[in-house]
1. Within segment 31-53, which residues are over 20 Å from Trp192 (Cα atoms), open to solvent by less than 60 Å² (accessible area, probe 1.4 Å) and acidic (Asp, Glu)?
2. Quick check on this structure: which one of Val115, Val120, Val174 is part of a loop (DSSP other than H, G, I, E, B) and of a type outside the set (D, E, K, R)?
3. Considering only segment 19-30, state which residues are surrounded by fewer than 23 Cβ atoms within 10 Å (Cβ to Cβ), in contact with a helix residue (DSSP H, G or I) (Cβ under 9 Å, 6 or more places away or on another chain) and either aliphatic (A, V, I, L, M) or more than 21 Å from Gly58 (Cβ to Cβ) (or both).
4. Name every residue in segment 93-108 that is over 16 Å from the mean Cα position of the chain (by Cα) and either modelled with pLDDT of 95 or more or open to solvent by 70 Å² or more (accessible area, probe 1.4 Å) (or both), in order of residue number.
5. Given the options Phe86, Phe122, name the one that is modelled with pLDDT under 90 and either buried (at least 18 other Cβ atoms within 10 Å of the Cβ) or more than 13 Å from Trp192 (Cα to Cα) (or both).
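The values are calculated or read from the model by the stated rules, or taken from the named source; none is laboratory data. Owing to the predicted nature of the structure, the values given are computational and were not obtained by experimental measurement. Here the Cβ positions follow ideal geometry from the backbone for every residue, glycine too, while neighbour counts run over all protein chains shown. Please note that ligands, DNA and RNA were not included when accessible areas were found on the heavy atoms of the full protein model with its side chains. Shrake-Rupley method; radii C 1.70, N 1.55, O 1.52, S 1.80 Å.
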Amino acid sequence: MISLSKYGNERDIEIPFVLEHVRGPLVLDVGKDKVGYTQALEDMGYTVEACDPDPNSGATYSERFEECWPTQRYDTVLFLSSLEHFVPTVQNMSSLESEIYCVCKARLLLKEHGVLIITVPFGEEKLHGDFIQWSPTRLWMIKQAVKANLIVEQYAKWRGANWVACEPVECEGVAYHANRAGGAGAVYMGVWQ
């Protein structure tokens with residue numbers, strides 16, 4: 001079990017997962033960090049660049065990921081609770097097609113042994129304004145389309161005052177606001193190549 005701590009939401013489980021599985025030295029953070037994990041990565045010796053459409057975010061690339069074409073390759077491309085916001089972002093594509101496009105593009109930006117780290121709210125598939133909570137079916141469809149090599153996958157569910165590891169089937173139907181902080185009730189965390 002992981003206790004509710006610093007962030008009071010799914011970041012309490014996602015950030016330790018990222019710090020455990022990140023490869024370096026060069027990391028691309030898609031959706032600029034707003035809670036402080038970039039500093040932790042830099043303190044560990046990583047160089048972190050970011051892509052975020054908010055011109056005030058301080059990101060290396062102030063544009064949407066779909067329009068961002070860095071000139072280098074990365075050891076890690078990180079989507080920490082950002083991929084679910086691509087709803088839809090590419091013209092004439094559904095949100096699912098847009099997410100598939102973004103994962104494929106991210107894989108093109110990886111060095112030979114680089115990894116893609118994805119964390120998303122997981123459970124009942126539902127649109128929540130500017131993001132969609134992924135369901136087991138949506139995750140399966142993206143995996144099938146992308147054909148990535150899966151290195152590590154973890155699922156966690158909010159229970160009481162803690163995050164607990166669980167099987168994917170235990171996340172089915174979990175609503176987004178199923179924890180006291182109003183965030184995700186369950187999360188998917190994966191390392192892909």
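1. Asp33, Asp52
2. Val174
3. Quick first cut of segment 19-30, residues surrounded by fewer than 23 Cβ atoms within 10 Å (Cβ to Cβ) only: 19-26.
Filter again for in contact with a helix residue (DSSP H, G or I) (Cβ under 9 Å, 6 or more places away or on another chain), leaving 19, 22, 24.
Across segment 19-30, the qualifying residues are Leu19, Val22.
4. Answer for segment 93-108, where residues must be over 16 Å from the mean Cα position of the chain (by Cα) and either modelled with pLDDT of 95 or more or open to solvent by 70 Å² or more (accessible area, probe 1.4 Å) (or both): Glu97, Leu108.
5. Criteria check complete, one pass: Phe86.
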